[in-house]
Amino acid sequence: MKENKFLYSRCPYCKKHGIPAFEKFGKYTYEIKCIYCEHSFRVNFFVAILIKLLYGISLGIIGYLLNNYTTIHIPLWLIIFVFVIGYFTIQYFIPIHMIK
């Protein structure tokens, strides 16, 4: 199977790109498996919640400050787009640990 380095991140155990990159944390912290070695991994629950809270709070604060206190008006949709790209980037590189 050809490795897809964009949709799969590197497995800490077998070192191949076999972990779904954008499913690491969603509504809950899911258990994810490497497609090559079948080991189970999970993102730390508190790290996932902290990232979600900080992202929401910082998006609100930056959107409010840029909208009300700057002379250069950046569209809010552009700020949200940048935050969504950042969110997916964090999901790709977030550390995971093996479930025993």
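The values are calculated or read from the model by the stated rules, or taken from the named source; none is laboratory data. What you see is a predicted model; the values in this text were computed from it and never measured. Positions of Cβ are generated from backbone atoms using ideal geometry, with glycine treated the same way; all protein chains shown enter the neighbour counts. To get the accessible areas, we keep the full protein, side chains included, count just its heavy atoms, and leave off ligands, DNA and RNA. Shrake-Rupley method; radii C 1.70, N 1.55, O 1.52, S 1.80 Å.
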Once the mean of 1/r over all distinct C-alpha pairs in region 1-98 is inverted, the Kirkwood radius in Å reads 15.0
Most fluctuating of Tyr30, Tyr55, Tyr69 in the GNM of the chain (C-alpha, under 10 Å) is Tyr69
Scoring the chain by relative contact order with C-alpha pairs under 8 Å, at least six apart, yields a percentage of 26
Ranked by GNM mean-square fluctuation in the chain (Cα springs under 10 Å), the top entry among Ile49, Ile19, Ile61 is Ile61
Over the chain, with neighbouring protein chains present, the accessible area per residue in Å² at probe 1.4 Å is 72
For the chain, the dipole about the Cα centre with charges only on Cβ (Lys and Arg +1, Asp and Glu -1), to the nearest 20 debye, works out at 320
So the carbon and sulfur contribution to the accessible area of region 44-84, 1.4 Å probe, in percent, is 81
